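Note sheet for the following structure.
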Amino acid sequence: MPTVGSMTSGCSGGGGGCGGASGGNPTPASGLGQSDVCICPGGIAGYNVLPSPNSDDCIITSSGCLVASVEIRLADGSLKLAEDVSDGDVLLGRSDEGEVRKQVVSGVTVLEQPLVVIKTSRGEIHCSDSHPLFLDMGGTVLAPCLDPGDKLLTEDGSDVEVISVSPNGFGKVVGWQCLPDRNFFVDGVLHHNKWHIIAQPIPM
C-alpha cells in the first residue's frame with residue numbers, strides 16, 4: 001500500500017506508537033501539507049484516517065498533544081499552562097525559511113491519551129505518544145520513534161539531544177493548530193501542532 005507522501009507511516013525504529021519493527025532510526029519526514037498524498041484507508045501510526053465526504057479522498061488528523069500541565073511561553077513572554085492556552089493566543093514558531101515568527105492558536109482540543117516522557121540534555125518533554133517533533137537534520141518524527149542520540153530542532157540552534165523515551169501512563173493532553181506555520185516552540189524545542197488534511201489517493 002502506498003504511504004503518505006512525506007510523513008513517516010510507522011518508523012523503522014522504536015516501538016510503542018511507532019508501529020514499526022525494532023532496531024534502527026526512523027526515516028525523517030517533513031510535516032504534512034495540503035499537497036501531500038496517501039491511499040485511503042491507511043495504517044499510519046499515531047494518526048486517524050477518516051473517510052471524506054468525497055469517497056475518493058480521506059482526512060488525516062493528528063492526535064499529538066502536550067500534557068496539560070506543560071508550561072507554554074507566549075510570544076509576549078508571558079507563561080500559560082497548556083490547559084489554559086486558548087484560541088487567539090500567540091506563540092512563536094518557525095517558518096520554512098528558518099525565521100522565528102508569531103503563530104496564532106486555533107482549534108484547541110482536550111483529550112485523554114497514552115503519554116510518554118522524553119528525557120533530553122535540556123530536561124524533559126511530556127506529551128502524548130502520537131506527538132510529532134522536529135529533528136535538527138530535517139523532518140518530523142513521532143515521540144515514541146525518537147532514539148537516544150537524536151537531536152531536536154531548537155530556536156537558537158543549540159543542541160538538545162534525546163537521552164531516552166519512556167511510556168508515562170495515561171492522562172489529559174491539550175492540542176491546537178498554529179498558523180501560519182503549524183508549529184511552535186516549547187522551552188526552545190520546535191513541536192509540530194495538530195492538523196488535518198484532505199489527502200488524494202495515489203493512482204495505481
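Summary of values
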read-out: Of all residues making up segment 116-132, the number that are under 16 Å from Ser166 (Cβ atoms), of a type outside the set (A, V, I, L, M) and either without any contact (Cβ under 8 Å) to a residue 40 or more places away in the chain or assigned to a strand (DSSP E or B) (or both); value: 6
read-out: Selection status of Cys65, within 20 Å of Leu142 (Cβ to Cβ), open to solvent by less than 70 Å² (accessible area, probe 1.4 Å) and at pLDDT 55 or above; value: yes
read-out: Residues that are part of a loop (DSSP other than H, G, I, E, B) and in contact with a strand residue (DSSP E or B) (Cβ under 6 Å, 6 or more places away or on another chain), drawn from segment 174-194; value: Asp181, Gly188, Asn193, Lys194
read-out: Any pair with Cβ under 9 angstrom, 6 or more apart, that starts in segment 157-171 at a residue that is outside any strand (DSSP E or B) and ends at one that is of a type in the set (Lys, Arg); value: Ser158/Arg122; Asp159/Arg122; Asp159/Lys151
read-out: One residue from Ile163, Ile198 being modelled with pLDDT under 95, open to solvent by 30 Å² or more (accessible area, probe 1.4 Å) and β-branched (Val, Ile, Thr); value: Ile198
read-out: Residue in segment 96-115 that is part of a loop (DSSP other than H, G, I, E, B), more than 15 Å from Leu190 (Cβ to Cβ) and among the small types (Gly, Ala, Ser) present; value: no
read-out: Residue within segment 138-161 that is touching a Pro at 6+ places or on another chain (Cβ under 6 Å), at negative phi and among the polar types (S, T, N, Q) present; value: yes
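The values are calculated or read from the model by the stated rules, or taken from the named source; none is laboratory data. Please read these numbers as outputs of a predicted model, since none were measured by experiment. Positions of Cβ are generated from backbone atoms using ideal geometry, with glycine treated the same way; all protein chains shown enter the neighbour counts. For accessibility, only protein heavy atoms count, side chains too; no ligands or nucleic acids. Shrake-Rupley method; radii C 1.70, N 1.55, O 1.52, S 1.80 Å.
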